[in-house]
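Here is the structure we will look at.
The values are calculated or read from the model by the stated rules, or taken from the named source; none is laboratory data. Keep in mind that this is a model prediction, so the values were computed, not measured. Neighbour counts run over all protein chains shown; Cβ positions are idealised from the backbone, glycine included.
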Amino acid sequence: AQSVTQLDSQVPVFEEAPVELRCNYSSSVSVYLFWYVQYPNQGLQLLLKYLSGSTLVKGINGFEAEFNKSQTSFHLRKPSVHISDTAEYFCAVSRNTGGFKTIFGAGTRLFVKA
Amino acid sequence: KAGVTQTPRYLIKTRGQQVTLSCSPISGHRSVSWYQQTPGQGLQFLFEYFSETQRNKGNFPGRFSGRQFSNSRSEMNVSTLELGDSALYLCASSLAGPENTEAFFGQGTRLTVV
């Protein structure tokens, strides 16, 4: 079975500073990895995904993530955050085995301060 | 292209009642998944339907059930509501092929049980 651990429940950061949101996963088979963002009272929106190929994945809104198979990590980064990046971020893992089932981490609340 | 539509957006029910939530996936998507989101438990997978068949199921009691119609629209039913069922219920749709692993989420139905 797969599982996802987001190591920080909250990350406060000043505007224009860099940020890294950490995510580790466990799985005995190959997986697909995702980062989603959730704004207040909204559903989840996909930021980026890793399916295969290059381990550095670029997503929307200037975010990127690096897949590290040896460390089973998929950390999300942004070089300079904006106030509008304040939201909840979820790391997720999925394995399509004839059924679509995505397992989410507990979420990291990013709070960008002016 | 219209997104995933969930109705209603907000719902208040009394303990012991039952409730039905609806989800219309993106046109052409055949997989619909349901999640329960609460502050304490995060995003918990309920079940996934594909072509009117339940393919995956999470660890929820039998009070939680669902179905999918031939047009891929899905409904989720919760019977004998408990206070702990208060949550944001999110629906996600996907093409569900091995190369199409992204889930698109609706805005959710916020259920309050009093």
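For this structure, a couple of remarks:
- Residue count for the range A:20-43 under the criterion of being closer than 14 Å to A:Arg77 by Cβ and surrounded by fewer than 19 Cβ atoms within 10 Å (Cβ to Cβ): the result is 2.
- Residues in the range A:100-109 that are buried (at least 18 other Cβ atoms within 10 Å of the Cβ) and either in a loop (DSSP other than H, G, I, E, B) or modelled with pLDDT under 95 (or both): A:Phe100, A:Lys101, A:Thr102, A:Ile103, A:Phe104, A:Gly105, A:Gly107.
- Lone qualifier among B:Ser72, B:Ser93 - being touching a Lys or Arg at 6+ places or on another chain (Cβ under 9 Å), assigned to a loop (DSSP other than H, G, I, E, B), in contact (Cβ under 8 Å) with a residue 40 or more places away in the chain and crowded, with 20+ Cβ neighbours inside 10 Å: B:Ser72
- Residues of the range A:35-84 that turn out to be within 21 Å of A:Glu16 (Cα to Cα), within 14 Å of chain B (Cβ to nearest Cβ) and assigned to a loop (DSSP other than H, G, I, E, B), as a count: 2
- A:Ser70 being more than 29 Å from B:Arg110 (Cα to Cα), surrounded by fewer than 17 Cβ atoms within 10 Å (Cβ to Cβ), among the hydroxyl-bearing types (Ser, Thr, Tyr) and touching an Asp or Glu at 6+ places or on another chain (Cβ under 6 Å): no
Here is a yes/no grid of residues against (1) farther than 18 Å from B:Arg9 by Cα; (2) more than 8 Å from every other protein chain (Cβ to nearest Cβ); (3) acidic (Asp, Glu):
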site: B:Gln37; (1), (2), (3): no, yes, no
site: B:Phe45; (1), (2), (3): yes, no, no
site: B:Phe60; (1), (2), (3): yes, yes, no
site: B:Asn77; (1), (2), (3): no, yes, no
site: B:Ala103; (1), (2), (3): yes, no, no
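- Of the residues screened, B:Asn71 is not one that is more than 9 Å from chain A (Cβ to nearest Cβ) and within 25 Å of A:Ala106 (Cα to Cα).
- Residue check for A:Leu46: touching a Ser or Thr at 6+ places or on another chain (Cβ under 6 Å), surrounded by 14 or more Cβ atoms within 10 Å (Cβ to Cβ) and among the aliphatic types (A, V, I, L, M): no
- Matching residues in the range A:8-34 - criterion: being within 11 Å of chain B (Cβ to nearest Cβ), farther than 29 Å from A:Lys113 by Cα and part of a strand (DSSP E or B): A:Tyr32
- Subset of the range A:16-31 (residues that are in contact (Cβ under 8 Å) with a residue 60 or more places away in the chain and more than 15 Å from A:Phe63 (Cα to Cα)): A:Tyr25, A:Ser27, A:Val29, A:Ser30, A:Val31
- Any hit, the range B:90-105, residues being aliphatic (A, V, I, L, M) and over 18 Å from A:Val93 (Cβ atoms): yes
- From the options B:Gly106, B:Gly62, residue that is surrounded by 13 or more Cβ atoms within 10 Å (Cβ to Cβ) and small (Gly, Ala, Ser): B:Gly106
- Only a single item in (1) at pLDDT below 90; (2) touching a strand residue (DSSP E or B) at 6+ places or on another chain (Cβ under 6 Å); (3) within 8 Å of chain A (Cβ to nearest Cβ) is not met by B:Pro98, and it is number (2).
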